[in-house]
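Structure record follows, encoded as structure tokens.
The values are calculated or read from the model by the stated rules, or taken from the named source; none is laboratory data. None of the values given here were measured: they were computed from a predicted structure. So basically every Cβ, Gly included, is an ideal-geometry build from the backbone, and we count neighbours across all protein chains shown. Heavy atoms of the whole protein, side chains included, go into the accessibility calculation; ligands, DNA and RNA do not. Shrake-Rupley method; radii C 1.70, N 1.55, O 1.52, S 1.80 Å.
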Amino acid sequence: QVQLVESGGGLVQAGGSLRLSCAASGSIFSINFMGWYRQAPGKQRNLVATITPGGSTNYADSVKGRFTISRDNAKNTVYLQMNSLKPEDTAVYYCNAGIHDGWSSRDYWGQGTQVTVSS
């Protein structure tokens with residue numbers, strides 16, 4: 001089986017920083033896109049950032065210039081460095097990855113990690 005595990009969430013004051021990590025493990029042949037999404041209570045889950053195996057990135061307008069997504073292909077891990085955090089960034093952050101296990105491909109999701117930014 002394939003599993004994604006996020007870590008690094010927590011409580012931080014406005015203007016502070018957090019670094020999220022997501023490690024994929026299990027029966028993995030290759031990983032295509034990896035990304036981060038977030039969801040606040042009562043709101044839709046929205047894309048935060050994505051990254052290709054070659055390192056090309058895409059960001060939501062709301063986080064451009066503040067967040068940086070990166071990946072370590074050898075470790076099957078994706079990171080999200082979050083700087084200049086705002087209360088509006090408070091949400092559950094989910095890791096997503098398109099994974100081929102040698103037989104088929106599908107999207108996998110982590111369990112989510114809470115990020116809370118205080119005023």
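When the alpha-carbon atoms of segment 20-83 are used, the pair Rg, Dmax equals 12.4, 37 angstrom. Taking only protein heavy atoms and a 1.4 Å probe, the accessible area of the chain is 47% carbon and sulfur. Taking the Cα of Ser56, stepping 7 Å toward and past its beta carbon, and measuring to each backbone N in segment 76-119: which are under 17 Å? Backbone N within reach: 98. Stretched out straight at 0.36 nm per residue, the stretch from Ser119 to Ala74 would grow longer than its current Cα-Cα span by 12.4 nm. With the simple spin-label model, which puts each label point 7 Å out from Cα in the Cβ direction, the Gln111 to Arg19 separation comes to 2.3 nm. Cβ-Cβ distance of Lys86 and Val5, R₀ of 30 Å, FRET efficiency by 1/(1 + (r/R0)^6): the value works out to about 0.70. Summing charges over all other residues whose Cβ lies under 12 Å from the Cβ of Ala97, with Lys and Arg as +1 and Asp and Glu as -1, gives -1. The mean accessible area for residues of the chain, using a 1.4 Å probe and ignoring ligands and nucleic acids, is 53 Å² per residue. Partners of Lys86 within straight-line reach, counting lysines whose Cα lies under 20 Å from its Cα and excluding those fewer than 8 residues away in the same chain: Lys43, Lys64.
Measuring gaps between exposed loop sites in the chain (chymotrypsin sites (Phe, Trp or Tyr not before Pro); DSSP loop; at most 11 other Cβ atoms within 10 Å), the longest gap, sites not included, is 30-102. Residues of the chain were split at every exposed loop site, defined as trypsin sites (Lys or Arg not before Pro) in a DSSP loop with at most 12 other C-beta atoms within 10 angstrom, and the longest piece left, sites excluded, is 65-119. Taken over the chain, the alpha-carbon convex hull comes to 94 cubic angstrom per residue. Rg ratio for segment 58-115: its Cα radius of gyration over 2.2 N^0.38 Å, N being its residue count, equals 1.32.
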